[in-house]
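Rule-based calculations on the coordinates, nothing more; no lab input. Everything numeric in this text was worked out from a predicted model, so none of it was measured. Every residue, glycine among them, receives a Cβ derived from its backbone with ideal geometry; neighbour counts consider all protein chains shown.
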Amino acid sequence: MKLSRLGGMLLFLFFASAAFAQKGGIIRGNIFDSTTGEPIIYGTVVLEGTDFGMNTNLEGFFSFTDVPAGTYNLIITYVGFENYTEEITIENNKILYRNLELSPSSVQLNTFNISGRKSKARTEVTVSQLSVSASELKALPAAGDPDIAQYLPVLPGVISTGDQGGQIYIRGGAPIQNLMLLDGVPIINPFHSIGFFSVFETETIKSVDVLTGGFGAKYGGRLSAVVDINTRDGNSKDFSGKLSTNPFMTKALFEGPLKKAENPQDGSMSFMLTGKSSYIDQTSRSLYPYAVAVGGGADNLPYSFTDLYGKLTLKSGNGSKLNLFGFDYNDRVNYEIADLNWKLNGFGAKGLIIPSNSNLIISSNIAFSNYDIDLIEDEGFDRTSGIQQATVNFDFSYYGLNTDFSYGLFFNTLRTDFKFRNFRGITINQVSNAAEMGGYFSTKSTIGKLIIEPSVRGHFYQAQSAFSVEPRLGAKFNATDNLRFKMAGGIYSQNLLSSVNEEEVVNIFVGFLLGPEEEILDVETGNFAESRLQRSTHLVLGAEYDLTNNLELNVEVYNKQFGQLISLNRNKTEATDPDFVAENGDARGLDVSLRYEKDQFYLWSTYSLGKVTRFDGEQVFPTIFDRRHNVNVLFSYKMGENNKWETGVRWNYGSELPFTQTQGFYGNINFLDEGLNTNVGLSNPELATLYSTVRNGGRLSPYHRLDVSVKRFFKINNRNTIEAQLSVTNAYNRPNVFFIDRKTSERIDQLPILPNFTLSWSF
């Protein structure tokens, strides 16, 4: 009944907005790069002499509603492009659509230009939201080519536990509590086992939005954070590409038009295809023989992976388009103690419709993905996991004079197949199917200096027969032109679980399960929990201050309350023992960032203070990713004629990570096979670890690392450029501890100094 009411409300809003009466006229359009056909993101659009002004969205779209009839100058500016000015005439109750192109320029823009980022900060709520551009990604000193996996830990509130198999933790949330999206498709485990690389190809990325907390109702099904990655459409003007090679891998990108648009009002068809394949397992034998992998004993870094991604884009002359895409990713590790393999593949379609008779944008997404992982151990504790997902989404966005609103419907199906055998010989096996569905509504209003964005999400979890109503709120107050105060908060829920053991820093195998359908014990009350869903609440307060035109300060404090967290019972000793246990916890902290940008110089520095704890019914303890202090400093500088030289430096410091200390060892005798007839005297039991009763009571040593890079660009002609990059990861060879083998007391460090040379050809 609740779902039907929600669906009815959203359907009513759709028809109501489509017929929304206008007092004046409407001007809207799409803005593209004249050389590639790609949308201009966060470009500034104003009607000269009026209060009408906004930034284009990810599709290069803008819209002004209720514009009084008359003649105006439409002015469009964007850094690095020629200003565009056009005289337009607005008529009452009519829509004027313009499909426009901007031409690149090296000339400094005039005073009409406001950086997209600053303009967005003044007109959008953007609490705990960091937008990362492709140019910022490429400025990062990287092991091999720049990658989002190496950039995310630079952001405030983001913690990485290691260079090898390390996971990303965002403001107290475990990796499974972060929603990773690629063109709207949820991606399970997007990071390769060598922690420098993700499945996402940097050259294809159009935008990355990292929402570390307090995000709106458009996103759901996760407790902590969102990383929303969108790819480019591919060059619709000319055939182009890039080839790159280094000691880690080789990759290639090809893109171009299948049908060119002769002018901005014509339709087009373009493609993009990219792939990369690693061979560090081979090259490390000679180039990095001193590097020791997790588990030790190998004479190489035993990591290999292959990633493929393809996209076909069809655009109409009015800004509507259809994207068809597919991907195939795999990862292989041959540790001395185990073999790990995972693969992820899928496909989807994403449509954008701009109706000619309403001020709406309609987008839709349909996709399917399949993820499988298996771990084959020498000791016989084999583990497998698989998850299949199908998603269907419809989103509607309306642009008004002082009020925008959006709403949508979603439907997801999930199937998980999980098998785990613990050190006690007990097998936990789960095969589950579930569906999730619901909708959301969000509105944004500007009232003087106040921007307010309330939203609500209705999320039905079929497996738990639970309907979750999740109100959210974001707000920003523009106190002055340079000072802004902001807040955000909301309620969040999640069904999906992971098999990660948060008592161990190293988790080679990460499996996935659906939440239990049986009753769950509430550790705080000792009674059955009222809900079988995982839940959290967020509260974020902050301020933004433009110290100068080039210097920006951002400060945020946050509190995340994890009311219920469900995890696998890894200590199950009997078949009748529960498969799952419940905990609760919280995360609180302070994030500070300072950004300086002027001419060829870029500086980005962050400091994060955080505390993440859990309560298991007996004790409050820090999580394995409870890093209290984290500092990042990143800068890049371009120099020489036509900026042919570029240097980059990144330094990271992280305070000690906690772990559960070893109290002793015992012989783990297996009584399951022979029962009471087991001969204890003749048994040869495996050595098992006796952990301290104080969970995560110890701390590893601090982590710090310096990465540097130097690039040189050789422009052959207007179409061909050679790029040579020399980079060094862990430049002063800091021996950062990863973990200590409990049985042998052998220390395993993170990766040592790794020099690298990359050669790329863009054409």
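Here are the numbers for the structure shown:
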item	result
CD proxy at 222 nm, helix term only [per DSSP H run n ≥ 4: -39500 (n - 2.57); per residue of the chain; nearest 500]	-1500 deg cm²/dmol
Length released on extending from Leu322 to Ile716, taking residue separation times 0.36 nm less the Cα-Cα span	138.3 nm
Residues whose placed amide H lies under 5 Å from that of Asp163, excluding near-sequence neighbours	Leu751
Karplus 3J(HN,Hα) series, Hz, for the range 390-397 with 6.51 cos²θ - 1.76 cosθ + 1.60 (x for Gly, Pro)	10, 10, 9, 10, 10, 10, 10, 10
Assigned charges on the beta-carbon of Lys, Arg, Asp, Glu; the range 602-666 dipole about Cα centre (debye)	200 debye
Residue-wise HN-Hα coupling along the range 450-462, computed from phi with Karplus coefficients 6.51, -1.76, 1.60 (Hz; x: Gly, Pro)	9, 10, 10, 9, x, 7, 8, 10, x, 10, 9, 9, 5
Residues Thr85 and Leu594, FRET efficiency given R0 of 35 Å [Cβ-Cβ distance, rounded to 0.05]	0.50
Placed amide H near Gly267: partners under 5 Å, 5+ positions off or other chain	Gly317
Burial ranking of peptide ranges 127-135, 60-68, 195-203 (average Cβ count within 10 Å, highest at the top)	195-203, 60-68, 127-135
The chain - charge dipole about Cα centre, Lys and Arg +1 at Cβ, Asp and Glu -1, debye rounded to 20	1580 debye
The chain: Rg to Rh, with Rh as the Kirkwood radius over Cα pairs	0.97
Virtual spin-label span in nm between Thr283 and Asn93, 7 Å along Cα→Cβ	6.7 nm
Whole-Hz couplings from phi, Karplus 6.51/-1.76/1.60, listed for the range 527-534; x for Gly and Pro	9, 5, 5, 5, 10, 9, 8, 7
Share, in percent, of DSSP beta bridges within the chain that are antiparallel, nearest 5	95 percent
Principal-axis tilt of helix 2-18 within the chain, Cα atoms, nearest 10 degrees	20 degrees
Label-point separation in nm, Glu377 to Ala688, each point 7 Å along Cα→Cβ	1.2 nm
